[in-house]
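What follows is calculated from the coordinates using simple rules that are stated; it is not laboratory data. What you see is a predicted model; the values in this text were computed from it and never measured. Ideal geometry is used to build each Cβ from the backbone, glycine not excepted, and the neighbour counts take in all protein chains shown.
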2 protein chains.
Amino acid sequence: MKTAPKTRDIVNVNTRERILNAAEVLFAEHGFERASLRALTAEAGVNLAAVNYHFGSKAGLIRAVFERRLAPLNAERLNELAALERAARGGPLPPERIIEAFFGPVLRMSMDRRPAARGGSTQRDRGAGSGHRFIRLLGRAHTESRQAMRELLEAEYVEVVERFKAALTRALPQVPEKELAWRMHFTLGAMSYVIAGTDAVQLSASYEVRQSEHPESVMKRIVPFLVAGLTAPLPEAGERGAGANAPANGRRDDRNAERKAA
Amino acid sequence: MKTAPKTRDIVNVNTRERILNAAEVLFAEHGFERASLRALTAEAGVNLAAVNYHFGSKAGLIRAVFERRLAPLNAERLNELAALERAARGGPLPPERIIEAFFGPVLRMSMDRRPAARGGSTQRDRGAGSGHRFIRLLGRAHTESRQAMRELLEAEYVEVVERFKAALTRALPQVPEKELAWRMHFTLGAMSYVIAGTDAVQLSASYEVRQSEHPESVMKRIVPFLVAGLTAPLPEAGERGAGANAPANGRRDDRNAERKAA
DNA sequence: GTATGATTCAAACGCTCGTTTGAAATTCCC
DNA sequence: GGGAATTTCAAACGAGCGTTTGAATCATAC
């Protein structure tokens, strides 16, 4: 067909990477099941059998797609957290810094719109950057329910989750461990939803909201939201608290009112 | 095979409902793609062709599964909201009541563990209640990216979203419309993640957290979290507020840049 | 009882999928 | 330059999918 890779580019793009790049695109676009190896290898301009030759199976390919990007991403998260802790000299970190260290690398990667890895996209170039594509894929993976996918992500995430949980525990000593686990769960949900970009309920009229918003502005919006949630008054304590009836002014400088609970 | 439905039960369970019930189970368990009509009709104890006879196609079946439950669910949401507004006599509602009106019906439905609809589950009875099953399915649908699914949900949700958005706008007048749209987006993300029950990153050690937790206690935890987020200090305004300790480096002083909105 | 319409059934159709195969092409190394 | 290893290729395999078909069965009204 349109395979012109007889004459290799100056920078020879090997088959493995072409497959990985095409897989990122198509998995993000159609999901893991619906993206067929035939469509995928056509997009990459390689032979159908190449996937099984290089990755053993489709499942192996999926694993490789994640390993290629998730490891550096999580390493960056840990780096940022370590830098914060170094700067804090043993003191607790501000929760917003922790959130930023976790979410920032993802958002920054989602801004990465350089052409894929090593001059890859030979076929029709989709313009979208490799990072951006992977982040969409990652969001999808977060809400995936297949056992294999869960295990794959869990393995990659285990250290990151441990470290960030510890940091948050120190940053929010007034929040009991169980409560904090739940709040991290809510936090992860909000984040996943955002990076997945698949708001099934497009908020109707305000649909345009998400369109063409810059990642930095997303960060500016989500961090206060999550920090407020993480530091919210504890549920079991007293009244329903928060901005309850006397609502309006989101001010709530009663911040450390949440003294309750050990 | 094990099909004994020659002798109908006293309460005749018609084929349509048996299919819908089995579809709920298997779609929730394996997803829409992976759950085949063959497995589904076997579970229901009906003939393979019955799906196409009664629902036209697999897509028609999916649509029917949602319509059967989503319409009543959203009607209940609107009812609760209307009751709140009646009680408030024109005044703004407390945000936590609005959250509860939106999330409550879902959580309550997830507690519904009565046997399916009309004595349905003839095959091996899975014990799980029909409501519970559907909610898991709904959570999955929320993170689904297929165009048809998005449109289906959007159609069912459009009125609910409009009404709740209006209520929140009135309850939180200090939050600009665009900011509120984003915060609703985050809110929906946290909710979807919870009801989907597919936390890919199981928070490792605290994995047991989500296990066997009662819905009411989930509600008690998530409502303060979300209300705090919805009423958080605005990002462009003044300090990062919240529980921010003081210190740390990353201070960005460009604060009130961005004077946007209405 | 018999005609009529609705429903169920076993079987097959056409298609796409992931994977395998064995030969051809290419690359590598001496 | 030649032999071995690696990589690519066209083709096919076998399985599973959603759907269709046409006859058998059932329910209902005369």
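Calculate the mean, over all residues of peptide B:173-181, of how many other protein chain Cβ atoms lie within 10 angstrom of the residue's Cβ.
Details: counts 4, 6, 2, 0, 3, 5, 5, 3, 9.
Average per residue, whole number: 4.
Projecting 7 Å from Cα along the Cα-to-Cβ direction, the label point of residue A:48 sits 2.3 nm from its equivalents in the other copies, listed shortest first.
Taking label positions 7 Å along the Cα-Cβ direction at both residue B:38 and residue A:71, the computed distance is 3.9 nm, reported to one decimal. Position residue A:59: other-copy label points at 3.1 nm, ordered by increasing distance, label point 7 Å along Cα→C-beta.
Roughly how crowded by other chains is peptide B:216-222, in terms of the mean Cβ count from those chains within 10 Å of each of its Cβ atoms? It would help to have the intermediate numbers written out before the result.
Values: counts 0, 3, 3, 1, 5, 11, 7.
So the per-residue partner count for this stretch is 4.
Inter-chain neighbour count for A:84-92: the average number of beta-carbon atoms from partner chains within 10 Å of each residue's beta-carbon is 2. The share of alpha-carbon pairs in the stretch B:131-194 lying farther apart than 19 Å comes to 41%. Distance from the C-alpha centroid of the stretch A:12-81 to that of the stretch B:19-45: 30 Å, rounded to the whole angstrom. Ascending distances from the residue A:87 label point to its copies in the other chains, with the point 7 Å along the Cα-to-beta-carbon line: 4.6 nm.
Of the peptides A:63-73, B:83-93, B:222-232, the order by per-residue mean of other Cβ atoms within 10 Å, starting with the highest, comes out as B:222-232, A:63-73, B:83-93.
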